[in-house]
1. Taking the simple approach of a point 7 Å from Cα along Cα-to-Cβ for both residue 26 and residue 39, what is their distance in nm?
2. For the stretch 61-118, count all C-alpha to C-alpha pairs, find those more than 18 Å apart, and express that count as a whole percent of the total.
3. Running Debye on the stretch 2-116 with equal point scatterers at the Cα sites and no solvent, what base-10 log of I(q)/I(0) appears at q = 0.13, 0.16, 0.23 Å⁻¹?
4. May I ask you to sort 53, 87 by Cβ crowding, counting other Cβ atoms within 10 Å and putting the fewest first?
Amino acid sequence: MRIILVIISAAGLFACDSMELAIAVNQSEDGWLEVINANDRVWKDARLVIEAFESEGTTRPCGEESVTRWNPGQGIRVPACAEKVRFTLTTGRETARFSYFDGQVYRRIGRKEVPISQ
């Protein structure tokens, strides 16, 4: 029984999103967004998955970007494939989930979305 509890606890720790990672988003032009590294450190081997959030609550993939070295303040251009776009950022062992709509970035924590300042 103890082994099962230890495994479940360890899985829970690894499943948590990183609160250290932060992004900013600018609407650069029609159909495109600029996602910016809003941290003060370089991200190595970063992967950004972009999904369109549909009105009925489903998502569909609409892009993926891999960046070997993503410097602070550096932006990458991604498609604005829906009114509400979701991002999953992974770098190293850290993962963070965000959404963007109506000019606002939100951190996704489970099913909740918390607005963050840019």
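FYI, it's all coordinate maths here, none of it is from the lab. These numbers were taken from a predicted model, which means no experiment stands behind them. Here the Cβ is made from the backbone with ideal geometry for all residues, glycine too, and neighbour counts use every protein chain on show.
1. About 2.1 nm separates the two model spin labels.
2. On the way: 645 of 1653 pairs.
Looking at the stretch 61-118, the distances longer than 18 Å represent 39 percent of pairs.
3. Computed log10 I(q)/I(0) values: -0.51, -0.74, -1.37.
4. The most exposed by this proxy come first: 53, 87.
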